[in-house]
Amino acid sequence: MNSKKWFVLLAVLVLATTLLAGCGGADKKPAEKPAAPAKTETINIYTIWPEKYSSAIFAAFTKETGVKVNFLRFSSGEALARVVAEKGNPQVDVLFGGPADTFAAGVEKDVFEPYSPKGADKIPAKFKDPKNNWVGVAVNPISFMFNNKVLKQKNLPAPTSWDELLNPAFKNGLQTADARTSGTAISRILSLTYIMGEDKAYEYQKKLHQNVQMYTKSGAGGALPVANGQAAGGIFFLVDTLEIKAQGHDVVISYPKEGVAYAVEAMAMIKGAKQPALAKKFLDWASTADMQKLYETNKIFFIPTNPDVKVQDPALDMSKVKLVEVDILKAGRDRKALVDRWINEVIK
């Protein structure tokens, strides 16, 4: 064999050996593909609570369960209208927060899926729907809040009766919520109807209207104007008045001696929810005492419905306040009629 042929044969043998070595032999397993990252679960929620409160609660849920929360915040009337409009093709899994009469009205529209959360057994029956359509997680009374500087200028004490709000000194000086959008306004109207009877309550509201500077879209909408002295005072949920006081504003919180209604802040699973398992997981978690302990931790001034949660803040002690017990189911049925009458007889 001449040298040229020998060189070619040698080159072929070297190449073949290199290829076999590169394959690593027949017994070597191919490299494993990296595992795909786990998909993060996400629940969709409409909330009626302000973002500050909702964010704290939802962040705690995510921390404990790993489930992320996409949420949008609306006033109670707007949230209910959305849920009803989306019936049959719901965009969220849970409606969270807001007065239970809003939820009772939703039951009438058949937008909730009955479910009894695992953590709700200790919550008293009066804070839950008898057919498990919703469960209450907090109590929130109606209160008065007035700017202390304005009261001193007018040489008046903080009002302690509904009649004192009719004082001509407060003409065009009060702010309170609009019943077309706000659950605060519904609780205000319920307070009056339970104390005075419906007809007298609407006569009273016509008189009160003369002193109202503005009806705000949300229940807390008038709180900061009162704090800043742009309005003398108003009617708000306690959670909003205590929030303003905690910010250091010089305001006085008081209650009418005749009594006030309180809202049961509730939550419910949406009928036809696209993620029912996650909805139940959230409702189970949010019914526990551990969740309601988050109120005080995060300076959220709600009164817990779970008796295992002991309130430390004396401002949340309602033992000296006359609280009116509202028939929540009836209030839900009557909600539209109450609002319509308010529009037609009070603000028109």
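Anyone know which of A185, A273, A125 comes out most mobile in the 10 Å Cα GNM of the chain?
A125
Cα atoms only: what Rg and Dmax, in Å, come out for the chain?
So, for the chain, Rg and Dmax equal 30.0, 125 Å respectively.
Give me the angle, in degrees from 0 to 90, between the Cα long axis of helix 183-196 and the longest principal axis of the Cα atoms of the chain, rounded to the nearest 10.
The answer is roughly 30 degrees.
Exceeding 24 Å between C-alpha atoms, which entries from my cross-link table qualify? They are K63/K245; K131/K293; K109/K293; K206/K257; K274/K336; K217/K348.
Details: K63/K245 30 Å; K131/K293 26 Å; K109/K293 32 Å; K206/K257 21 Å; K274/K336 29 Å; K217/K348 17 Å.
The answer is K63/K245; K131/K293; K109/K293; K274/K336.
Taking the Cα centre of the range 203-305 as origin and charging only Cβ (+1 Lys, Arg; -1 Asp, Glu), how large is the dipole, in debye to the nearest 20?
380 debye
Can you tell which of V321, V107, V251 shows the greatest fluctuation in a Gaussian network model of the chain with Cα springs below 10 Å?
Checking each option, the largest mean-square fluctuation is seen for V321.
Considering only DSSP beta bridges with both partners in the chain, what is the antiparallel share in %, to the nearest 5?
In the chain, DSSP labels about 60 percent of beta bridges as antiparallel.
Mind checking the angle between helix 3-23 and the chain's longest principal axis? C-alpha axes, 0 to 90 degrees, to the nearest 10.
30 degrees
Report in % the part of the accessible area of the chain that belongs to carbon and sulfur, leaving out ligands and nucleic acids; probe 1.4 Å. Kindly include the intermediate steps, with their values, before the conclusion.
Working: 9660 of 17460 Å².
Of the solvent-accessible surface of the chain, carbon and sulfur hold 55 percent.
How far apart, in nm, are two points set 7 Å out from the Cα along the Cα-to-Cβ line at N148 and at S55?
Distance between label points: 2.9 nm.
Among E203, E243, what's the order by accessible area (1.4 angstrom probe), most exposed first?
So the residues, ranked largest to smallest area, are E203, E243.
Select from Q91, Q312, Q213 the residue whose mean-square fluctuation is largest in a Gaussian network model of the chain (Cα-Cα springs shorter than 10 Å).
Evaluated over the chain, the most mobile residue of the options is Q312.
Looking at the range 113-199, which trypsin sites (Lys or Arg not before Pro) are in a loop (DSSP not H, G, I, E or B) and have at most 13 other Cβ atoms within 10 Å?
Those that pass, being in a loop and sparsely packed, are K122, K131, K171.
At 222 nm, what value in deg cm²/dmol follows for the chain if DSSP H runs of at least 4 each add -39500 (n - 2.57) and the sum is divided by all its residues, to the nearest 500?
Numbers: 13 runs with 136 residues, N = 348.
Only helices count here, giving -11500 deg cm²/dmol.
Skip the ligands, DNA and RNA, and give the accessible area per residue of the chain with a 1.4 Å probe, whole Å².
50 Å²
Quick one: angle between helix 328-342 and the longest Cα principal axis of the chain, in degrees between 0 and 90, rounded to 10, please.
70 degrees
Tell me which of V324, W342, T305 sits at the most positive position along the dipole axis of the range 289-347, charges placed on C-beta atoms (Lys, Arg +1; Asp, Glu -1).
Of the options given, the answer is W342.
Return one quarter of the surface area of the convex hull spanned by the alpha-carbon atoms of the range 124-255, equal to its mean projected area, in nm².
Details: hull surface 34.9 nm².
Taking the Cα atoms of the range 124-255, their convex hull projects to 8.7 nm² on average.
For S55, what charge total do you get from the other residues with a beta carbon under 14 Å from its beta carbon, if Lys and Arg give +1 and Asp and Glu give -1?
Result for the neighbourhood of S55: +4.
The values are calculated or read from the model by the stated rules, or taken from the named source; none is laboratory data. Bear in mind that the values here come from a model prediction, so they are computed numbers and not experimental data. Virtual Cβ from ideal backbone geometry, glycine too; neighbours counted across all protein chains shown. To get the accessible areas, we keep the full protein, side chains included, count just its heavy atoms, and leave off ligands, DNA and RNA. Shrake-Rupley method; radii C 1.70, N 1.55, O 1.52, S 1.80 Å.
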